[in-house]
Structure formats: C-alpha cells, structure tokens
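Asker: My questions all concern the structure below.
The values are calculated or read from the model by the stated rules, or taken from the named source; none is laboratory data. Only a predicted model underlies this, so the values are computations on that prediction, with no experimental measurement involved. Here the Cβ positions follow ideal geometry from the backbone for every residue, glycine too, while neighbour counts run over all protein chains shown.
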Amino acid sequence: MSPLADEKQAAQAYLYGYPLVYDLDEVEGFVTGHSSLPVGGPFNQFVHARDLLGPETAFVSPNNDTLYTIAMCDVREGPLVLHVPDTNGRYYVLQFVDAWTNNFAYVGRRATGTKEAQFLLTTGPAEAAPDGAQVITVPTGVFSIVGRVQVDGKADLDAVHALQDQFTLTAVGSEAGAIAGVPGPDPKVGKGLEWWEKFRTRLAAFPPPPADTPFLAICEQIGLAAVTSPYVDPDPELATLLGDAQKAGEQLIDQLLQGGGQLRNGWRDAAHIFDYNLDFFEVGTINRSEWKISDRLTAYATRAVAARAGLWGNHGYEADYQWTTVDADGNDLSGAQAYELRLDTPPPVDAFWSLTMYDVPNFHLVANPIDRYSIGDRTPGLVTADDGSTTIFMQHDAPGGTRDANWLPTPKGKFRPLLRLYQPTGDYETPAITRVA
C-alpha cells in the first residue's frame, strides 16, 4: 500500500465513492426485499409500483406524478432484450443509471417516442441484436432502469397497469446467465470500516473510467485497491484516518447540499445538478458541453450531493427540479406559518408540471388529512384566475373555502417543496413563496 493519504484526501475519496456505495445498497435492498421503496424483486425483471407513492415510503424525494416501473439489471453473463409498448403519446421515461449513478441512456417520450420498440442491453461489443432492436451499451455490468409512467389520478391507474405489464426484459439465448449481483464485503471487517470495505469490493467490481486515475491514486493510498481487505485487522493509524475521513466527508456533503443548484428567488434549480456524467452517452442522452460539469472534482462532489438529495434524478433536459426551504424574506419554511406561491404563468413544459411537499431533513412525503402530496396542472379542480395565474396555498391546516382546491398541505415542522417540470421547454424562474397572515 502507498503512503497514507491525509484526512482531506481521504474525505475526497469518501465523497468520490459515496454514490457507488449508496446506489448499490439500494440495488441490493431492492433485490433482497429490504428496499426503502415499497417494491422490489429479482435482477433482470421489471417490478411495478401499482399505486402512487405516499408517506409510508422512506425514500429520498419520490415523485407523486407517475407510477414507477423499475428493474435492477446484471448483464455480466449475457445481454438482455428490452421491450417497450406503444403508450399512444402518454409520457413515460426509462432512465438508465449505472452503478456510479451516472445517467447514461434514456428511452421514452422525449428520447425515443412512444411507439413499440426493442433494445439490446449489453456490456459490448454488441452481440447480434434482434431485428429492429437498437443497441444500448452499458458502462457497468450492474445498472438500474428507473421507469416512470404518467398517471392522471386514481381513475387512470388501470390503464397504466396495463401498460406497465408490457415492459419486459428477456435474456438473450435459451438460458439466462448466472447473476453475480452486488459483491459482499468481507464479513470479518468491523462496523467502523464497513463502508470502506463496501467501497473496496464495489470499486473492484465496477471500475470507473480511465480519466478517474487521480482519484484512484488516492483510493490506493488508503487500501481501496487491495485484493484482500486491509480492514479486517487494520493498522490503527489507517482505522483512525478512515473514521475521521468518513465523518468529514459526511459533513462536506451536508454543507454542499445547502448550496446545490442555481439560486433564484429562494429556489434552487437542479437543471444541471445531474450533469456529472462525463464519459458514457448512449440513447437519449445529450453529449454537449452545456450538459456537462467539465471539472471532475466538481462533478463528483455534485454527484455525491445528488445521490444524497435525489437519488436517480433525471437530467434537466428530461425533467427539471426546483426546490426551496425559505420564503421571500429568507426565513425557513415552517408549518407553523401559512404561505402562497403565485404562478403568473404556467411552467413551460411539453408534458406536465407538479409541486410536491417533503419534510426536512429526510425529504420524505408528508402524511395529511386529504392524502394530497403534490399539486399541479393535472390536479382535478385546480383553480386558475381570470388572468391566467395560479396561486397555491401551503400550510398545515386547510385554508378554507375555494382555496382548498389549491391547498398543498405541509407538515407541522420545516418543509421543502419541490417543483418538477417534465420535458421542460424553456428556462423557468419560479416566484418566491410569500408568507401570509
């Protein structure tokens, strides 16, 4: 092992590896029945959420606009054929996320249209694809397909269920290959270094691109490149360094979380917070400089923040996310107060928009007496004024009268609303939230 890195370098290594460890924990939980999502299932098989998510879901910032159709895939022993149905113009997106949380491909309304189609998913070089199938080369043998299908209220659920059942994955050949899955840590490693042991085994299984050599040099200095675990019976100096670095890395992510995205009117716009993919651009992605964070150190710090605050979020050209925790005066949003958000013009979208309520600091959906977790242009009975504006009322108790139609309930404590624009068609500056008596 090379000479030890210092704490700052080791904390950078923690930041670098955080998305890989966090993502594969979710993948492993999904296929073993321990997912923070209410659905789960085996590798290489779509699993469908049959109802819109609610406060029982302990997942970071889930949407309440679509039904999730998700598959955890392992193609190291053979490719898969993906079949998508004709959704007849209905919005859907299949977002392809590698083990490092890079969005490397999109299939859906914006990217490939809504007609029936097939795709060959492979680590490459491309095997013979079925007639008419488009090849998608995957950067890591394990990856996630995070699908979202538009739902227009509970009356629309049966129609969406019928579409979900037509998304399929089929192994190429007569027999499916063996599933290796997520590598397990050495069980002899103690709890204090378990995170680093996960990083070591997963780094070996899913190596990053060659351009990450400087980061790998730091990793090597703290044992992450070792073939056998140095954390089973660690040198005391190494154990202390890694314990301190993990705490420092966690604090750094929390600090960066407070400043993520472009700030306008108290809202942070995440249109470019998922631009950390610099190496892998497949179907449906945009490989242009305006959608890349060119500096890798900044890109990977951003990637860690994105994993913490919105794992599996889309690029801004697929869906723009804007969030805030403060009102027009810069004060924290709290259910002890009442607020208004006046939208003079509707957010510019080619699909639809919604505003969803989350608690702080977990960013989970919030239970409320009317079971309304989001509000948007598809909300039944949403009132629009004669001048075309829409005012949304955010408070813990019902505002009363006609205002109830535009009420988005808040928790008693601090909260964070998040605005989603699906297939955005232009830059949108969300107005500040104002406190009312």
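Asker: With respect to Arg308, is the statement that it is modelled with pLDDT of 95 or more, closer than 21 Å to Thr140 by Cβ and outside the structural domain of Pro417 (by TED's automatic domain parsing) true? Show your work before the answer.
Answerer: On the way: modelled with pLDDT of 95 or more: no; closer than 21 Å to Thr140 by Cβ: yes; outside the structural domain of Pro417 (by TED's automatic domain parsing): yes.
No: the conditions fail for Arg308.
Asker: Do we find that Asn314 is surrounded by fewer than 16 Cβ atoms within 10 Å (Cβ to Cβ) and either in a loop (DSSP other than H, G, I, E, B) or charged (D, E, K, R) (or both) in this structure? Quick ask: steps written out before the conclusion?
Answerer: Numbers: surrounded by fewer than 16 Cβ atoms within 10 Å (Cβ to Cβ): no; either in a loop (DSSP other than H, G, I, E, B) or charged (D, E, K, R) (or both): yes.
Answer is no for this residue.
Asker: Another question, if that's okay. Restricting attention to region 15-38, which residues are hydrophobic (A, V, I, L, M, F, W, C) and either touching a Pro at 6+ places or on another chain (Cβ under 9 Å) or surrounded by fewer than 16 Cβ atoms within 10 Å (Cβ to Cβ) (or both)? Walk me through how you get there before you give the answer.
Answerer: Start the filter on region 15-38 by keeping residues that are hydrophobic (A, V, I, L, M, F, W, C), which leaves 15, 20-21, 24, 27, 30-31, 37.
Listed by number, the residues that qualify are Leu20, Leu24, Val31, Leu37.
Asker: Separate question: If you go through region 28-83 one residue at a time, how many are without any contact (Cβ under 8 Å) to a residue 24 or more places away in the chain, closer than 30 Å to Gly132 by Cβ and among the charged types (D, E, K, R)?
Answerer: Matching residues across region 28-83 total 0.
Asker: Could I ask something else about it? Could you check region 262-301 and list, in sequence order, the residues that are in a helix (DSSP H, G or I), of a type in the set (Ser, Thr, Tyr) and out of contact with any helix residue (DSSP H, G or I) (no Cβ under 8 Å at 6 or more places or on another chain)?
Answerer: We begin by selecting, within region 262-301, every residue in a helix (DSSP H, G or I); these are 289-291, 296-301.
Keeping just the survivors that are of a type in the set (Ser, Thr, Tyr) gives 289, 298, 300.
Once the filter is applied, which keeps residues that are in a helix (DSSP H, G or I), of a type in the set (Ser, Thr, Tyr) and out of contact with any helix residue (DSSP H, G or I) (no Cβ under 8 Å at 6 or more places or on another chain), region 262-301 yields Ser289, Thr298.
Asker: Can you give me the number of residues within region 178-221 that are surrounded by fewer than 13 Cβ atoms within 10 Å (Cβ to Cβ) and of a type in the set (D, E, K, R)?
Answerer: The qualifying residues number 2.
Asker: Val349: of a type in the set (Val, Ile, Thr) and at pLDDT below 95, yes or no?
Answerer: Values: of a type in the set (Val, Ile, Thr): yes; at pLDDT below 95: no.
No, not satisfied.
Asker: In region 352-367, which residues are more than 16 Å from Leu37 (Cα to Cα) and not in a strand (DSSP E or B)?
Answerer: Phe352, Val360, Pro361, Ala367
Asker: From the list Val84, Val149, pick out the single residue that is under 17 Å from the mean Cα position of the chain (by Cα) and among the aliphatic types (A, V, I, L, M). Explain how you work it out, then say what you get.
Answerer: Details: Val84 fails: under 17 Å from the mean Cα position of the chain (by Cα).
From the options Val84, Val149, the qualifying one is Val149.
Asker: Which of the numbered conditions does Ala319 fail, given that it passes all the others? Conditions: (1) hydrophobic (A, V, I, L, M, F, W, C); (2) more than 27 Å from Gln12 (Cα to Cα); (3) surrounded by fewer than 22 Cβ atoms within 10 Å (Cβ to Cβ).
Answerer: The single condition Ala319 does not satisfy is (3).
Asker: Looking at (1) under 24 Å from Asp51 (Cβ atoms); (2) free of Cβ contacts under 8 Å to residues at least 24 places away in the same chain, which one does Thr356 not meet, given that it meets all the others?
Answerer: Condition (2) is where Thr356 drops out.
Asker: Please pick out the residue among Ala239, Ala225 that is closer than 25 Å to Val27 by Cα, in contact (Cβ under 8 Å) with a residue 12 or more places away in the chain and small (Gly, Ala, Ser). Working first, answer last.
Answerer: Working: Ala239 fails: closer than 25 Å to Val27 by Cα.
Only one candidate qualifies: Ala225.
Asker: Give the residues of region 118-177 that are under 27 Å from Leu311 (Cβ atoms) and among the hydroxyl-bearing types (Ser, Thr, Tyr), sorted by residue number.
Answerer: Thr122, Thr123, Thr137, Thr140, Ser144, Thr168
Asker: Just wondering, is there one or more residues in region 278-292 that are polar (S, T, N, Q), without any contact (Cβ under 8 Å) to a residue 12 or more places away in the chain and within 27 Å of Asp427 (Cβ to Cβ)?
Answerer: yes
Asker: Name the pairs whose Cβ atoms lie under 7 Å apart, with the first residue in region 330-342 and closer than 23 Å to Leu382 by Cβ, the second crowded, with 16+ Cβ neighbours inside 10 Å and acidic (Asp, Glu), and 6 or more positions between them or separate chains?
Answerer: Pairs that qualify, where the first residue is closer than 23 Å to Leu382 by Cβ and the partner is crowded, with 16+ Cβ neighbours inside 10 Å and acidic (Asp, Glu), are Leu333/Asp327; Tyr339/Asp327.
Asker: Please pick out the residue among Thr391, Thr384, Thr430 that is in contact with a strand residue (DSSP E or B) (Cβ under 6 Å, 6 or more places away or on another chain), crowded, with 19+ Cβ neighbours inside 10 Å and either among the polar types (S, T, N, Q) or outside any loop (DSSP other than H, G, I, E, B) (or both). Quick ask: steps written out before the conclusion?
Answerer: Values: Thr391 fails: crowded, with 19+ Cβ neighbours inside 10 Å; Thr384 fails: crowded, with 19+ Cβ neighbours inside 10 Å.
After ruling out the rest, the residue left standing is Thr430.
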